[in-house]
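This report refers to the structure that appears directly beneath it.
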Amino acid sequence: MDKGWSEKNKEMQQFIGKEATFREGIEKLIAFRDDMFLQITQIVWNYPAEAFSLQPYAGADGYHSKTLAYSIWHIFRIEDIVAHEMIAGDTQVLFKEGFDKSIHSPIITTGNELSGDAIAEFSKQLDVKELYRYAQEVKKSSDQLLEQLEYADLKRKFGEGMKEKLAKTGCVSEDEEAAWLIDYWCGKDVRGLIKMPFSRHWVMHIEAMRRIKNRLCEIARKGVDPLAYCGLSCNHCFLGAWCGSCRSAYNACSNATISPDHRCPNEVCCTEKGFDGCYECELLESCEKGFYVPENDGANAAKAQSLYVRKYGKKAFFKVQDRLHKKFQFEKTQELLGQDIKEALRILEEN
Ligand code: SF4
Ligand code: SF4
């Protein structure tokens, strides 16, 4: 488990377990969920539709063998069922808000019964934006439910009646890969449910989603020119696990993500002008577009790198990058090259 998440999870569980710190524990749990949900948001907003039904680890033993879409569906179907059928005793978000139709899912179950190609086929049918909206609504309603809980509620148990009720909803498949869920949930009290569907279950599946998206970015970068339009090297970028390059459909560069059409302005401008990159443009030094906006403290370092490519070519540029990253500790190039174009170019030329 991610070290930071593991610590947060442990601390939150300890706080929830004691009456004196219960309320603070719930606040920590909600903050932890916000943190994890952000990863889902970034994946949904930055990757192309095809990414959600791909299985780069098909056949592997673990949750990373699933798809991104399946993972989101599965996390929030389980939470929706547990929160509303079991704890609150009201209507699931899926039905209350019409997501059973708008997501276009062929199933209403948790998806545990699906395997192999069936997961990819299922994923292809989902409207990912609606699925994301569903995830947001389930999270919102569960957070409210958690806020309303009292310490005494933690010991509440569920009997045979709940098992029958859950079976009747048809939300858990009778397949042996899924049917065990009902006994599993009903064997826990409210505290046990908080420990799994509302927290640890998220961690496991969101970590798997991170592995899937890292691999998809790696695949997207294969055979693609690693020089970003603005002059940075995608092969040396600290965002490499999130971004498949501005020359791919997996562009998660901050410039692209804040643009309304999710396209980096430098990429749009270069494409319109028929340039391979800003290094070919005579306006480079005075340009204020995209990555070169004056408020960006990395603008001049990127410009210096473009100038270096213009003078010495891409091959020499990537060799310099290799040497710099071997020699110095830095994430963003401006940490080493500073904010003065001439000085940054000098550093590049002297290394
Ligand atoms: S953020 Fe920019 S430099 Fe980094 S991988 Fe993406 S396109 Fe390449
Ligand atoms: S005008 Fe700016 S963004 Fe456009 S190609 Fe030239 S340097 Fe790049």
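The values are calculated or read from the model by the stated rules, or taken from the named source; none is laboratory data. In this text, all values refer to a predicted model and were calculated from it rather than measured experimentally. All Cβ positions, glycine included, derive from the backbone under ideal geometry; neighbour counts span all protein chains shown.
Here are the numbers for the structure shown:
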item: Counted residues, region 119-175 - those being more than 19 Å from Tyr47 (Cα to Cα), among the polar types (S, T, N, Q) and assigned to a helix (DSSP H, G or I); result: 5
item: Region 256-289, subset more than 8 Å from ligand 2 (Cβ to nearest atom) and surrounded by 18 or more Cβ atoms within 10 Å (Cβ to Cβ), residue nearest to Lys213 (Cα to Cα); result: Ala256
item: Filtered residues of region 248-290 (kept if modelled with pLDDT under 95 and near ligand 1 (Cβ under 10 Å from one of its atoms)); result: Ser248, Tyr250, Asn251, Ala252, Cys253, Ser254, Asn255, Ala256, Thr257, Cys264
item: In region 293-306, residue nearest to ligand 1 (Cβ to nearest atom) [restricted to those that are of a type outside the set (Gly, Ala, Ser) and over 13 Å from Ala228 (Cα atoms)]; result: Asn296
item: Identity of the residue in region 311-337, polar (S, T, N, Q) and in contact (Cβ under 8 Å) with a residue 60 or more places away in the chain, that ends up farthest from Ser233 (Cα to Cα); result: Thr333
item: Residue in region 76-84 that is among the acidic types (Asp, Glu) and either more than 18 Å from Lys124 (Cα to Cα) or assigned to a loop (DSSP other than H, G, I, E, B) (or both) present; result: yes
item: Residues that are more than 8 Å from ligand 1 (Cβ to nearest atom) and free of Cβ contacts under 8 Å to residues at least 24 places away in the same chain, drawn from region 226-240; result: none
item: Subset of region 320-332 (residues that are surrounded by fewer than 18 Cβ atoms within 10 Å (Cβ to Cβ) and not polar (S, T, N, Q)); result: Asp322, Arg323, His325, Lys326, Lys327, Phe328, Phe330, Glu331, Lys332
item: Residue that is nearest to ligand 2 (Cβ to nearest atom), among those in region 206-255 that are closer than 28 Å to Asp61 by Cα and among the acidic types (Asp, Glu); result: Glu218
item: Among residues of region 248-274, those that are free of Cβ contacts under 8 Å to residues at least 60 places away in the same chain and part of a loop (DSSP other than H, G, I, E, B), counted; result: 9
item: Out of Tyr312, Tyr292, sole residue that is farther than 28 Å from Met209 by Cα and surrounded by 15 or more Cβ atoms within 10 Å (Cβ to Cβ); result: Tyr292
item: Any hit, region 320-327, residues being among the polar types (S, T, N, Q), within 13 Å of ligand 1 (Cβ to nearest atom) and under 16 Å from Asp225 (Cα atoms); result: yes
item: Hits in region 333-351 (condition: under 30 Å from the mean Cα position of the chain (by Cα) and surrounded by fewer than 15 Cβ atoms within 10 Å (Cβ to Cβ)); result: Glu335
item: Complete set of residues in region 325-341 that are part of a helix (DSSP H, G or I) and polar (S, T, N, Q); result: Thr333, Gln334
item: Any chance Gly277 is touching a strand residue (DSSP E or B) at 6+ places or on another chain (Cβ under 7 Å) and free of Cβ contacts under 8 Å to residues at least 60 places away in the same chain; result: yes
item: Those residues of region 308-319 which are hydrophobic (A, V, I, L, M, F, W, C) and over 34 Å from the mean Cα position of the chain (by Cα), in sequence order; result: Ala316
item: Among the candidates Ser105, Ser71, residue that is closer than 20 Å to Ala49 by Cβ, within 20 Å of the chain's Cα centre (by Cα) and surrounded by 19 or more Cβ atoms within 10 Å (Cβ to Cβ); result: Ser71
item: Positions within region 178-218 being β-branched (Val, Ile, Thr) and at pLDDT below 95, in sequence order; result: Ile194
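Let's see how each residue does on (1) over 26 Å from Gly59 (Cβ atoms); (2) touching a residue at least 40 places away in the same chain (Cβ under 8 Å):
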position: Val128; (1), (2): no, yes
position: Arg133; (1), (2): yes, no
position: Ser142; (1), (2): yes, yes
position: Lys165; (1), (2): yes, yes
position: Asp183; (1), (2): yes, no
